[in-house]
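Worksheet: the structure to be examined is printed underneath.
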2 protein chains.
Amino acid sequence: MANRNRPVAELFGAACDGDRAALARLLSLIERGGDDAREVSRLAHPHSGNAYLVGLTGAPGSGKSTLTSATIAHLRATQTEVAVLAIDPSSPFTGGAILGDRVRMQDHATDPGVFIRSMATRGHLGGLSLATPEAARLLDAVGRPWIIVETVGVGQVEVEIAGKADTTVVVVNPGWGDSVQANKAGLMEIADIFVINKADRKGLDDTRRDLEQMLELSDLAGDAWRPPILPMVATTGEGVAEYWQAVVDHRAAIEASGELARRRQFRVGEELREIVARRLELRARELATGERWNQLQLEVADHRLDPWTAADEMLDGIGG
Amino acid sequence: MANRNRPVAELFGAACDGDRAALARLLSLIERGGDDAREVSRLAHPHSGNAYLVGLTGAPGSGKSTLTSATIAHLRATQTEVAVLAIDPSSPFTGGAILGDRVRMQDHATDPGVFIRSMATRGHLGGLSLATPEAARLLDAVGRPWIIVETVGVGQVEVEIAGKADTTVVVVNPGWGDSVQANKAGLMEIADIFVINKADRKGLDDTRRDLEQMLELSDLAGDAWRPPILPMVATTGEGVAEYWQAVVDHRAAIEASGELARRRQFRVGEELREIVARRLELRARELATGERWNQLQLEVADHRLDPWTAADEMLDGIGG
């Protein structure tokens, strides 16, 4: 591919002009991290700030991708453009990402108003936490007005990512109340909107009551947005228009109250802290080589030195 | 509780003498992090190195906890002591952990030869990555010969934790092959043993063939351990003895080949790097306050400065 050797600035210009291959290449650079990713960020940042970010999460099998696909169809009926980032749990070993979400969305693959991307990261912990806002910033900068970030609602990193959106949607199913494995507390905290997908299955009323009770227990201020609980059958499209209206309503509410500006400012702070931490981590990896490091590692493995004391000795090297 | 105010060293002594409340308190200190957690680590480290660590992971609902419960029953039939760490996806917002696993294991709650603990972390990313080896080290130091670490097999952090064991077990179910959402590549890489739980359901043979094909594609050296694929019905105990025999066989194989020593050395290195990175992160958080930080954050939020350049400016403060 010619794109492999094109300078980042040229790729960015092409992506802004609607070149999808260039956009895909830039997203790959972001996934990979390093200097090229930083360059993309530098170019994209001044042009970003116009897109609206919807986070979507729920348990595996809850129908997130079907819902996203139905949402795309709904938006395209009014020529609204949309981009989707589907975050796959990444293999820490092979970097393998499962492309199922992408497969299921192939209906939209040839529509120039739709851009769908599966994201994965290779390597170190928390890579997705950095790559996702970078990718969203790029999609924002090239002019996508709506960006949907879809993550699986299990796993510390994945739930955090979905929670760092302008509007966060949590998808559950009837009978969800029975599952003790679902990370309810975490999902309740981040939800601006609940969708009960597969609402034609039995247990809808119980699940709705369950969510309502939990909402009552949670600490909502009197004038705050109260997360609506919306039934949906994503496979037939039933409830999709009402769901999207709720997203639009939530946007209007938080724009009016100043909450949107606060959320975005908070996100910037979190991202900055994350970048600073990552830079320091890289420095730690540089430290973690050589004779001294090997010696300390051996002493810990032999139980002669505890890991914290060993870390202290390493950090002495950078004045810490 | 009197334990709240007891010095860490005294709690550790009591835990070594079999005081379960003291052990539970020490694990809480590890979860919370900070100086007390370091102190626990310093005390435990010289006494650790005797326990064998089994990592167990699989999709939500695959029956990990039932399998663990059946394993406990199997071990207790020969008076073998065992400890279980059940890692719950933690809420990044409330620190709420779901106690389902613990609930399901209440059969064993009154047996002094069994210690079961749900782990969660409050706060920053990757907390579980540090707290889990610390907790395992403590259980090791107080004399538990077998430690089972159970995590949900979705989510970057959680899969990594299960992979950092002496023997790693991946639990799947018949029909798993159909699920495009399961993080197959990652799970394949870390598995030393596959268990097909709920083997009385249809699809057993397909799932076994699916796993065998994937194993053939993967890069096993000629003389390396080949992960066995073991059917089980954990609810009835069928296949549990064979499964545990496979764990014992794997242990013998990697002890003989030197692989166990290599794995443990690798884990020590990873833990050290993680601690060094965490210490640097704490320093980054100290930096991330004050006038200069607020100013940079504002400039990024207003799109006048990109986050990477802002991070560079922050890091200038510590010579980076």
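Points worth noting:
- Among the conditions (1) outside the structural domain of residue A:196 (by TED's automatic domain parsing); (2) closer than 30 Å to residue B:293 by Cα, residue A:297 misses just one, which is (2).
- Elements of the type helices (runs of 4 or more DSSP H) sitting completely within the range A:230-320 and holding at least 3 residues that are facing another protein chain (nearest Cβ under 8 Å): these cover A:259-287, A:290-301, A:307-316.
- No other residue among A:281, A:286, A:259, A:242 is crowded, with 19+ Cβ neighbours inside 10 Å and either without any contact (Cβ under 8 Å) to a residue 24 or more places away in the chain or over 30 Å from residue A:198 (Cα atoms) (or both) apart from A:281.
- Whenever a residue of the range B:23-41 is farther than 13 Å from residue B:130 by Cα, its partners that are at pLDDT below 85 and surrounded by fewer than 20 Cβ atoms within 10 Å (Cβ to Cβ), lying with C-beta atoms within less than 8 angstrom and at least six residues away or across chains, give the pairs B:25/B:1; B:25/B:3; B:25/B:4.
- Residue that is touching a helix residue (DSSP H, G or I) at 6+ places or on another chain (Cβ under 6 Å), more than 30 Å from residue A:313 (Cβ to Cβ) and β-branched (Val, Ile, Thr), where the choices are B:248, B:240: B:240
- Test: residue in the range A:202-211 that is surrounded by fewer than 15 Cβ atoms within 10 Å (Cβ to Cβ), over 29 Å from the mean Cα position of the chain (by Cα), more than 10 Å from every other protein chain (Cβ to nearest Cβ) and outside any helix (DSSP H, G or I): yes
- Residue in the range A:255-262 that is more than 24 Å from the chain's Cα centre (by Cα) and at pLDDT 85 or above present: yes
- Only a single item in (1) farther than 28 Å from residue A:82 by Cα; (2) buried (at least 19 other Cβ atoms within 10 Å of the Cβ); (3) at pLDDT 90 or above is not met by residue A:191, and it is number (1).
- Listed by position, the helices (runs of 4 or more DSSP H) enclosed by the range A:1-82 that each have at least 3 residues that are assigned by TED's automatic domain parsing to the domain that holds residue A:130, out of contact with any Gly (no Cβ under 9 Å at 6 or more places or on another chain) and under 30 Å from residue A:235 (Cβ atoms) are A:64-76.
Here's the yes/no breakdown for (1) more than 21 Å from residue B:188 (Cβ to Cβ); (2) in contact with a His (Cβ under 6 Å, 6 or more places away or on another chain); (3) at pLDDT 80 or above:
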residue: B:206; (1), (2), (3): no, no, yes
residue: B:222; (1), (2), (3): no, no, no
residue: B:229; (1), (2), (3): no, no, yes
residue: B:233; (1), (2), (3): yes, no, yes
residue: B:267; (1), (2), (3): no, no, yes
residue: B:282; (1), (2), (3): yes, no, no
residue: B:289; (1), (2), (3): yes, no, no
residue: B:296; (1), (2), (3): yes, no, yes
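The values are calculated or read from the model by the stated rules, or taken from the named source; none is laboratory data. All figures in this text were calculated on a predicted structure; none of them were measured in a lab. Glycine gets a Cβ as well: all are built from the backbone with ideal geometry, and neighbour counts include every protein chain shown.
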